[in-house]
Amino acid sequence: AQSVTQLGSHVSVSEGALVLLRCNYSSSVPPYLFWYVQYPNQGLQLLLKYTSAATLVKGINGFEAEFKKSETSFHLTKPSAHMSDAAEYFCAVLSGGYNKLIFGAGTRLAVHP
Amino acid sequence: EAGVTQSPTHLIKTRGQQATLRCSPISGHTSVYWYQQALGLGLQFLLWYDEGEERNRGNFPPRFSGRQFPNYSSELNVNALELEDSALYLCASSLNWGWNEQFFGPGTRLTVL
């Protein structure tokens, strides 16, 4: 069975600091992985996706993620945090054949001045 | 291009009543998905429709049902509402099925009193 684990339910960084949100996956087949962001009282917005092409994936708003098969990780990073990055971030794996997204528990990112 | 739309934005019901939630996918998308985001339970897959057929359902009781119309819009019905059904219900759509990313709507907040 496929699963996703996000380490750290809350992460707090200073504006301008590096953002690192951790995601580890479990999958018996090559995974399709996604990062979504959810702003308060809104739906989910796709940040980036990994679909077995390049292992370093660039997304919107300056975010990127690196797929590391040996570590079964897909961590999300951004070199310099902005106040507008404060939101909840979800890592997800696509369960092929069933077409359902399996989400991690989410990480709430706080950015302080 | 218009995104996924959902109605209503908020819905308040009492225990035992029925709720109907609606979703219009992005133009050209034939697959529609429903997810529940309940406090403390995270994001859970509910249902997947494609070309008018239910393709997969998550671990939810039969009182959660839905359908997809010929124009690919969808509705989710929840019968015999229980307090724990209070949640944000998110609809997503994708191009047919397979390894396509899912685009989410803003959600319907269902409150059961």
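General remarks:
- In this Cβ point-charge picture (+1 for Lys and Arg, -1 for Asp and Glu), region A:38-98 has a dipole of about 160 debye about its Cα centre.
- Over the protein assembly as shown, the alpha carbon radius of gyration divided by the compact-protein estimate 2.2 N^0.38 Å works out to 1.02.
- Put a dot 7 Å past the Cα of residue A:3, heading toward its Cβ, do the same for residue A:82, and the two dots end up 3.7 nm apart.
- For residue A:78, the aspartates and glutamates whose Cα falls under 16 Å of its own Cα, not counting residues fewer than eight places away in the same chain, are A:15, A:64, A:66, A:88.
- Volume per residue of the convex hull around the Cα atoms, evaluated for region A:9-49, comes out as 119 Å³.
- Cα Rg, Dmax, region B:1-50, angstrom units: 13.0, 39
- Peptide A:40-47 has a mean of 5 when you count, residue by residue, the C-beta atoms of other protein chains within 10 Å of its C-beta.
- For chain B, the convex hull spanned by the alpha carbon atoms encloses 93 Å³ per residue.
- Per residue, the convex hull volume that the Cα atoms of region B:24-77 enclose (Å³): 81
- Residue B:103 accessible area, assembled protein chains, probe 1.4 Å, Å²: 80
- DSSP-defined antiparallel bridges as percent of all bridges, the protein assembly as shown, nearest 5: 90
- Counting heavy atoms of the protein chains alone, residue A:33 has an accessible area of about 0 Å² for a 1.4 Å probe.
- Angstrom value of the Kirkwood radius, inverse mean 1/r, which spans all Cα pairs in chain A: 14.1
- Modelled label positions at residue B:39 and residue A:68, each set 7 Å beyond Cα in the direction of Cβ, lie 3.7 nm from each other.
- Potential lengthening between residue B:20 and residue B:5 on full extension [0.36 nm per residue; Cα-Cα distance subtracted]: 3.9 nm
- Accessible area in the full protein assembly, largest first, 1.4 Å probe, for A:10, B:29, A:112: A:10, A:112, B:29
The values are calculated or read from the model by the stated rules, or taken from the named source; none is laboratory data. What you are looking at is a predicted structure, and each value in this text was computed from that prediction instead of being measured. When we count neighbours, we look across all protein chains shown, and the Cβ atoms used for this are built from the backbone with ideal geometry, even at glycine. For the accessible areas, the whole protein counts, side chains as well, though only heavy atoms, and no ligand, DNA or RNA atoms are used. Shrake-Rupley method; radii C 1.70, N 1.55, O 1.52, S 1.80 Å.
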